[in-house]
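These notes concern the structure reproduced below.
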Amino acid sequence: MNKQILFIPGLFALGILVGIAMMKYQDDSEQTTDTISADEVLQQRNLSNPFAPSKATDKERLSVLEQEIFALKSRIAELENSVIETQGGLEQVSTENAGALPGELETVVDTPISAQSRPLVTDHLIKAGIDPALAADIVRRKNLVEMKKLELSDRASRDGYLGTSQYMRELDELNQQDFSIREEIGEDAYDAYLYASGQANRVRATSVMLGSPAEQAGMRDGDLILSYGDQQLFDWGELKSATTEGERGEYVNVTIMRNGELMNLWVPRGPLGVRLGSMRVKP
């Protein structure tokens, strides 16, 4: 009898303790809802039915989206650091050190003026066979024009006429003082200079459209387009411009290289129907 009397109050006390524990667990759960991880929220979704509504709150879903956006930004940064220099959004491939691992990337900050062209280095011109004195003079004159453009941009910004017709007129006058390195040193030396400075120096037909003028003339994917008419080509933009010159439909000689062999094709002036890319090839 005494045991029964003691058992009933004990059972009652145990019930009270269980109730208190459950209330505390519920409070803790409500307090930790705001800090729930993205993985826990994603686990609440019904993976067997991707269209099923999520049990996560708006705040939880926002947290997941923020983490996903952060992951995407990190991935984009990785891709940007791993991309080899491209031109016009098209493919550029180097035939040198194809299997080498990329080294540590250098961070370079360009001004709006200096970003318009690659930095000119005397050593690159010397490696292309240019006399050291002439190479130094070319770099000095190029840098002088670039410095004048920087000074013009600074002056126009301070005086409040940057981007106006006056600024464009003064910039045009400076551009007339500039000169072409290609014309200064000649085609062959310019080809060697592009290679020495790590720039693309060949135009590549990455994809030839079926039924296009280029395909009908015999051009194939992977052909290197060396010249169009009497113009030697180093950049796909030069070829694009050349096809719009002259009389539409007149036939033009195009020199290509395929598997180390030179070939001449005749194409009508106008769109070739070729997706163009760039390559760096030792002259």
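Here are some notes:
- Screening the range 198-237 for residues that are acidic (Asp, Glu) and modelled with pLDDT of 95 or more and picking the one that is surrounded by the fewest Cβ atoms within 10 Å (Cβ to Cβ) gives 221.
- In a residue-by-residue description of the range 129-149, the property of being in contact with a helix residue (DSSP H, G or I) (Cβ under 7 Å, 6 or more places away or on another chain) and in a loop (DSSP other than H, G, I, E, B) applies to at least one position.
- Residue tally, condition out of contact with any Ser or Thr (no Cβ under 7 Å at 6 or more places or on another chain) and either modelled with pLDDT under 95 or part of a loop (DSSP other than H, G, I, E, B) (or both), over the range 252-275: 2
- For the range 133-150, the criterion of being over 16 Å from residue 177 (Cα atoms) and either among the charged types (D, E, K, R) or touching a Pro at 6+ places or on another chain (Cβ under 8 Å) (or both) is met by no residue.
- Search result, residues across the range 260-283 that are under 25 Å from residue 197 (Cα atoms) and free of Cβ contacts under 8 Å to residues at least 24 places away in the same chain: 260
- Residue check, residue 174 in contact with a helix residue (DSSP H, G or I) (Cβ under 9 Å, 6 or more places away or on another chain) and surrounded by fewer than 18 Cβ atoms within 10 Å (Cβ to Cβ): yes
- Residue check for residue 146: modelled with pLDDT under 95 and out of contact with any strand residue (DSSP E or B) (no Cβ under 7 Å at 6 or more places or on another chain): yes
- Taking the range 238-257 as the range and being surrounded by 14 or more Cβ atoms within 10 Å (Cβ to Cβ), within 17 Å of residue 268 (Cβ to Cβ) and in contact (Cβ under 8 Å) with a residue 24 or more places away in the chain as the test, the residues that pass are 239, 240, 243, 252, 254, 255, 256.
- Hits in the range 207-222 - residues which are in contact (Cβ under 8 Å) with a residue 40 or more places away in the chain and within 19 Å of residue 280 (Cα to Cα): 207
- Some residue of the range 234-242 being in a loop (DSSP other than H, G, I, E, B), at positive phi and in contact with a strand residue (DSSP E or B) (Cβ under 8 Å, 6 or more places away or on another chain): no
- Of all residues in the range 179-198, those satisfying the criterion of being in a loop (DSSP other than H, G, I, E, B) and within 28 Å of the chain's Cα centre (by Cα) are 180, 197, 198.
The values are calculated or read from the model by the stated rules, or taken from the named source; none is laboratory data. As the structure is a prediction and not an experimental result, all values here were calculated from the model. With ideal geometry, Cβ positions are generated from the backbone for all residues, glycine too; neighbour counts draw on all protein chains shown.
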